[in-house]
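Visitor: Okay, handing you the structure first.
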Amino acid sequence: MTDPRLTAITDRIVERSRDSRATYLQRMDKLRGQGPTRSRMSCSNLAHGYAACDSGEKQTLRLTEAANIGIVNAYNDMLSAHQPLETYPALIKRAVHEIGCTAQVAGGVPAMCDGVTQGAEGMELSLFSRDVIATATAVALSHNMFDGAICLGVCDKIVPGLLIGALSFGHLPVIFAPAGPMTTGISNKEKAAVRQQFAEGKVGREELLAAESAAYHGPGTCTFYGTANSNQMLMEAMGIHIPGAAFEHPGTPLRDALTREAAQRLCRITDLGPDYTPLGRVVDEKCIVNALVALLATGGSTNHSIHWIAVARAAGIHINWQDFHELSAITPLVARVYPNGSADVNHFHAAGGSAFVIRTLLEAGLMHEEVLTNWGAGLSLYTREPRLQEGGLHYVAGPTSSADTEVIRPADQPFAPEGGLRLLQGNLGRCVIKTSAMAPEHWLVEAPARVFETQEALKDAFDAGELDRDLVAVIRYQGPCSNGMPELHKLTPYLGVLLDRGYKVALVTDGRMSGASGKVPAAIHLSPEAAHGGAIAKVRDGDVIRVDAEKGELNCLVDAVEWEYREPAPRVSDDCEWGIGRELFKFMRRAASEAEAGASVLFPEGH
């Protein structure tokens, strides 16, 4: 039975979204009636569309009863998580040919790595790459040659971008096929320790590079539970993968079988047959709530408090941070995966993984079972696990108990009674804070502010010994309209050192933290941002700031009258205006919505 509190939150989202969702579904129904148009294309159009195909494929494409699948690929061989996707198109084409269908690579989308650009200028393009990916997905599918689409992508902005773009073609069935995580290297705890030692000058660059290379060492997704692996958990919880696709390693027979099955399943759920399953119907209000519950129950990435707002809006659904906050309050934390624990995603998968998480949350009434998925009706289909039997893919009952209760626990015996995200609000604005990895003694920080505009300025102050005290580090002009809202993960080792030295430390910013953000209290995505005259621009060095995750408060403790009349400080640096392609994104910085509206140029309301 569904928990009535979950039902009440979902009902509120349904009511809030009633008009926009109805408009979206009407548009998708209209698109369904219009295409695909292969049978109605002019001879010239169709000839262009299949000119490079062989004669057999051309004959199949002439038939209206055989599905043609569009492949949208985020492959590049610089990203470890996307390098395995090089071979997927050929594998997909073979798989669909076996059942009398065809597939074409409809287009590629960019895929940048936040791990490579972290702390560098390129990171200021990262968030907006999501909207570029969304529009590139639309370009790929705009030829209207396709009965369904398979999206190949894994990492941070890539999956949300592909999903936003695909939802513009929500009359089509769309399945996502990932590459899976790399095998386990050195522990995340060891890696983090070396990073902190480097920040303190105790080890040099050679030792740091050796540790990083031992952690990130082969094809596949990074093994910590950041944004990329949170993406994969959410794709399972939304029923957009085929079951069990998230965390199998690249290059294994089971991984290849999952990809083949995804391609063939897609052919079977097009509008050409009786099991038509359009993406726009899969992604409904209950589906979005299931995604948020899965995120919160596993202590997933804070980036999704932005991305999934944009994803929901692409389907005509309006969610906000209050929804995250209230869902978090009723969702138990059932997983401890780094940075919320010592285990990596491979350990998580072996202990029960997504199948057990979905099972225990369904049993607790904290996910909606009655949803449409790409595998059929009912989310319980995603409590099953794939196996290779007699050369084919088969599903067996998933685990009914955890294989390691230090990593995954049942919902009635959780690590914490609530999920890992809270809404903070006060005279500084509205923001979110991730609490799942924070020790209880860090939930309340009240200390003088030290104000910075760049990560480098904080590093310089740390190196000069100016931060050895209780403090709230305020990093402003980091919002989407300032410099593209880069992740500020470069700050983590320095603030972590101060925390380990016994100081009360917190971060307040209108920017983002990494999906790997952890033990340092971080009030992030502060809105309105400084560039919009947000109150964070009023803060001065020495102002006492109170960050209270328990009460959900974020306030600058300045006399109310003085605060009201204090002028926002202007931005000092304009380094984000050019270089590394940033000048090309100026129009996006000017047009982006606030973080709580998805930080998007595609859905500007809330700007």
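Visitor: Name the one entry in F247, F198, F224 that is among the aromatic types (F, W, Y) and not in a loop (DSSP other than H, G, I, E, B).
Guide: Just one listed residue meets the conditions, F198.
Visitor: Looking at E553, E596, E583, which one is over 21 Å from V311 (Cα atoms), at pLDDT 95 or above and outside the structural domain of T135 (by TED's automatic domain parsing)?
Guide: The conditions single out E553.
Visitor: List the pairs whose first member sits in the stretch 92-119 and is over 15 Å from D147 (Cα atoms), whose second member is at pLDDT below 95 and β-branched (V, I, T), and whose Cβ atoms are under 8 Å apart, counting only residues at least 6 apart or on separate chains?
Guide: D114/T227
Visitor: Same structure again: For the stretch 567-588, check the following and say yes or no: at least one residue is crowded, with 22+ Cβ neighbours inside 10 Å, within 22 Å of D468 (Cβ to Cβ) and within 29 Å of the chain's Cα centre (by Cα).
Guide: no
Conditions tested, residue by residue: (1) touching a Ser or Thr at 6+ places or on another chain (Cβ under 8 Å); (2) buried (at least 24 other Cβ atoms within 10 Å of the Cβ); (3) under 27 Å from L393 (Cα atoms).
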{"residue": "S187", "(1), (2), (3)": "yes, no, no"}
{"residue": "Q196", "(1), (2), (3)": "no, no, no"}
{"residue": "E200", "(1), (2), (3)": "no, no, no"}
{"residue": "A210", "(1), (2), (3)": "no, no, no"}
{"residue": "C222", "(1), (2), (3)": "yes, yes, yes"}
{"residue": "G226", "(1), (2), (3)": "yes, yes, no"}
{"residue": "R268", "(1), (2), (3)": "no, no, yes"}
{"residue": "V289", "(1), (2), (3)": "yes, yes, no"}
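Residue by residue, here is whether (1) touching a residue at least 40 places away in the same chain (Cβ under 8 Å); (2) of a type outside the set (D, E, K, R) holds:
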site	(1), (2)
K490	yes, no
P493	yes, yes
G496	yes, yes
G502	no, yes
T509	no, yes
M513	yes, yes
K519	yes, no
H525	yes, yes
A535	yes, yes
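Visitor: Oh, and also: Does at least one position in the stretch 397-416 carry a residue that is over 30 Å from I242 (Cβ atoms) and hydroxyl-bearing (S, T, Y)?
Guide: No.
Visitor: Further question: Restricting to the stretch 452-476, name every residue that is of a type in the set (V, I, T) and surrounded by fewer than 20 Cβ atoms within 10 Å (Cβ to Cβ).
Guide: T454
Visitor: Further question on the same structure: Scan the strands (runs of 3 or more DSSP E) fully inside the stretch 435-546 and keep the ones with 2 or more residues being over 25 Å from the mean Cα position of the chain (by Cα).
Guide: Passing ranges, in order: 444-452, 471-475.
Visitor: Follow-up question, since we're still on this one. Looking only at the stretch 594-603, decide whether some residue is in contact with a Phe, Trp or Tyr (Cβ under 6 Å, 6 or more places away or on another chain), at negative phi, part of a loop (DSSP other than H, G, I, E, B) and of a type in the set (D, E).
Guide: No, the stretch 594-603 has no match at all.
Visitor: Is it the case that V132 is assigned by TED's automatic domain parsing to the domain that holds A228 and more than 21 Å from L602 (Cα to Cα)?
Guide: no
Visitor: Step by step: first the residues of the stretch 347-370, then only those that are touching a strand residue (DSSP E or B) at 6+ places or on another chain (Cβ under 7 Å) and within 9 Å of P410 (Cα to Cα), then the one that is surrounded by the most Cβ atoms within 10 Å (Cβ to Cβ). Which residue is that?
Guide: My answer is V357.
Visitor: Does A537 satisfy the criteria of being more than 13 Å from R430 (Cα to Cα), assigned by TED's automatic domain parsing to the domain that holds L488 and at pLDDT 95 or above?
Guide: yes
Visitor: I would also like to ask the following. State which residue pairs qualify: first residue in the same structural domain as E369 (by TED's automatic domain parsing) and of a type in the set (D, E, K, R) and inside the stretch 272-284, second residue part of a helix (DSSP H, G or I) and modelled with pLDDT of 95 or more in any location, beta carbons under 7 Å apart, and separation of 6 or more residues or different chains.
Guide: What qualifies is D275/R268.
The values are calculated or read from the model by the stated rules, or taken from the named source; none is laboratory data. A quick note: this is a predicted structure, and the numbers were derived from the prediction, not measured. Cβ: placed from backbone, ideal geometry, glycine included. Neighbour counts: every protein chain shown.
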